[in-house]
Amino acid sequence: MSNPTTGTDRPDAQALQEWVSDACRGLGLDLPDPENDFFESGGTSLTAIRLISRAEEVFGEDALPPEDLFAHSTVREIAAAIDRNTRS
Amino acid sequence: MTGSGPRAGVDRWLPVLRPARRARRLRLVCLPYAGGSPDLFRPWADQLDHEVELLALRLPGRGVRLREPLYDSWEPLVEDVFAALVEAGVAAEPHAFFGHSFGARLAYELADRAAREFPGATRRLFVSGSRSPEHPQHRPLLHEMAPDAYLDAVRAMGGTPAEVLDDPAVMRLFLPTMRAEMRLAEIWSRPPGQPRLDVPITAMYGRDDPVDGRAATAGWRRHSLRPSELLELPGGHFFLDTHRDLLLATINARLVSTA
């Protein structure tokens, strides 16, 4: 897995994955590993909405569109979606 | 339950939510209500009998299958789900079905199909929160309502958190799937005089369910050649979410006696 970031100020892939893991922990979900899946780990549509708004607070509007999260939901995939959607 | 890794076709249709911990006695295949995902049944993993493997169906329109075309008629739906059960090695081996609402109708169709192709493999059919095949569908039909009225009706049914209903971006994803499957549930009918299934049926309804309560579900017992039962549980249409402990105890007791 190559580092998907390009700009100098951007958090790298690993940092984004750690942010996702931390945000999930804040929602009461334990996803320590990049391959852990949000919905397999107890995530629901309700906690998904909360993760989406948390991502928007931190990374800006549409940082994590629901269609990305609901279709691709490992920590690695969520971090990659945030990276993709916040790249200017 | 570890990470996902590459997902095979079988995983896409029928994820295993929890393997049996000791020797597997049978598999329980769970079929969600309209718009529901297999993840609804993940909380069952802790309480379900340890010798039972827990699987759930993932239809198009949710999760990794979000962008796949939705089913708009019963025949291909039953055909494809049954083929997935065969491919997963589930249909030919001892199994039971649990379906709720739309999922209960689908469970009946699958049990009927399995009874013909793999007689004896289906050990029990749990139909929960669903009218029996000959009982008329409650009116007005939700799937024919205008979008706003439909959303109000879904809200009134319960089962979907208000925070989800109030999120337009999320509802835009969920509504087409929910509506397509509610339509299938509403148009579902079987001509009278169906042969009885050689499978014991446990039918369940929520005491306060205004639609699929006692009157709508009482007919299920007439669809089996085997001793069958009708059980009332506390709660409304979504008693499977609100009274999970009691439901699981009920299911476990029947699966243990269904060796």
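Observations, loosely collected:
- Binned Cα-Cα distance frequencies in the range A:20-88 - 10 Å width, integer %: 23, 63, 14, 0
- For the range B:15-77 versus the range B:194-259, the inter-centroid distance based on Cα atoms is 18 Å.
- Averaged over peptide B:69-80, the number of partner chain Cβ atoms lying within 10 Å of each residue's Cβ comes to 0.
- Rounded to 5, percent antiparallel among DSSP beta bridges of the range B:9-256: 5 percent
- Per-residue ³J(HN,Hα) for the range B:16-24, Karplus 6.51 cos²θ - 1.76 cosθ + 1.60, θ = phi - 60°, Hz, x for Gly and Pro: 7, 7, 7, x, 5, 7, 10, 4, 6
- Relative compactness, the range B:1-120, computed as alpha-carbon Rg over 2.2 N^0.38 Å: 1.01
- Surrounding net charge for B:Arg116, when Lys and Arg each add one and Asp and Glu each subtract one, Cβ distance under 12 Å: -3
- Cβ-defined net charge surrounding A:Arg25, 13 Å radius [Lys, Arg +1; Asp, Glu -1]: -2
- Percent antiparallel among DSSP beta bridges (both partners in the protein assembly as shown, rounded to 5): 10 percent
- Once both labels are positioned 7 Å from their Cα atoms along Cα-to-Cβ, the gap between A:Asp33 and B:Leu141 label points is 4.8 nm.
- Equivalent ellipsoid dimensions for the protein assembly as shown as semi-axes, Å, which come from the Cα gyration tensor, largest first: 37, 23, 17
- A Cα-only calculation for chain B places Rg and Dmax at 17.3, 51 Å.
- Amide hydrogen neighbours beyond the local backbone of B:Leu17, cut-off 5 Å, H modeled: B:Leu54, B:Leu55, B:Ala56
- Ordering of B:107-115, A:36-44, A:18-26 by burial proxy (mean other Cβ atoms within 10 Å per residue, highest first): B:107-115, A:36-44, A:18-26
- A simple count of charges around B:Glu144, restricted to other residues whose Cβ falls under 11 Å of its Cβ and scoring Lys, Arg +1 and Asp, Glu -1, yields +2.
Quick note: the coordinates plus some simple rules give every number you see, no bench work behind them. What you see is a predicted model, and the numbers here were worked out from it, not measured in a lab. Positions of Cβ are backbone-derived with ideal geometry, glycine not excepted, and every protein chain shown enters the neighbour counts.
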